[in-house]
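K.L.:
After the structure tokens below, expect a handful of questions from me.
Read-outs: derived from the displayed coordinates by stated rules, not from any lab. What you see is a predicted model; the values in this text were computed from it and never measured.
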Amino acid sequence: MFKDVSRETFKSIDLYRKFLLQWNQKFNLISRNSQYLLSEHIEDAMSLMEHISCQSISLMDLGSGNGMPGLILSILGVTNVTLIESSKKKTSFLLQAKKFSKNNIFIFNEFITYKNQLECDILVSRAYGKLEKILYDTQNFFVKDKYLLIKGQNLLNEISSAQENWNFEYKIHDIKKRDFTKILELKNLSLKKR
């Protein structure tokens, strides 16, 4: 599935995984149930690379939490990654965990609202919230290329609900070996005029 990933990169991802499990004993970075699914979550994050054509981009991860997918994408070679996380304890983890990447990682510890004006080439997210919340909270962001969102089995309902207030083009990409988890790619977003 990830044949182009070097042994050194896999080692960095494994060190990050172990570090995450260690921190999770003190802080709730992943749920107890998710510990068993951690490898799948890492693979989901890695699968986003198939939809990123150039590594020399600015990428923003909304609601980074435990570092997925943004930190994983940085380890895989994306050169400029901004991790946005409102929780101070999760931000403390991210500040320590960024050592597993050789690329530029910026950590933005703030609660995101529609008032924030940030800029990136690609915005990614996993488990931040429903699609409409993501679009509302990032409506003043300037996302030059696209959104890549890891979404679950309610994806079609979320798209339908968001289309009531938003115009956008979208594609749904499968993730290998995953039935219900998909990648939602969004482009050309605009709020519908009332």
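K.L.:
Based on alpha-carbon atoms only, what is the radius of gyration of segment 81-193 relative to the globular estimate 2.2 N^0.38 Å?
P.N.:
Taking N as the residue count of segment 81-193, the ratio is 1.12.
K.L.:
Straight-line reach from Lys130: which lysines have Cα under 22 Å away, leaving out those fewer than 8 places along the same chain?
P.N.:
Lys90, Lys115, Lys144, Lys146, Lys151, Lys171, Lys182, Lys187, Lys192, Lys193
K.L.:
Given Cα pairs under 8 Å that are at least 6 residues apart, what percent is the relative contact order of segment 7-191?
P.N.:
Normalised by residue count, the contact order of segment 7-191 is 17 percent.
K.L.:
Summarise the long-distance tail of P(r) for segment 7-191 by giving the % of C-alpha pairs beyond 22 Å.
P.N.:
42
K.L.:
Once you have the Cα-Cα distance between Leu37 and Ser6, take 0.36 nm times their residue separation minus that, and quote the gain in nm to one decimal.
P.N.:
Taking Leu37 through Ser6 to full extension adds about 8.9 nm, to one decimal.
K.L.:
Tell me, how many Å apart are the Cα centres for segment 29-104 and for segment 128-169?
P.N.:
19
K.L.:
Mind jotting down a quarter of the surface of the convex hull over the alpha carbons of segment 134-194, in square nanometres, one decimal?
P.N.:
For the Cα atoms of segment 134-194, the hull's average projected area reads 4.3 nm².
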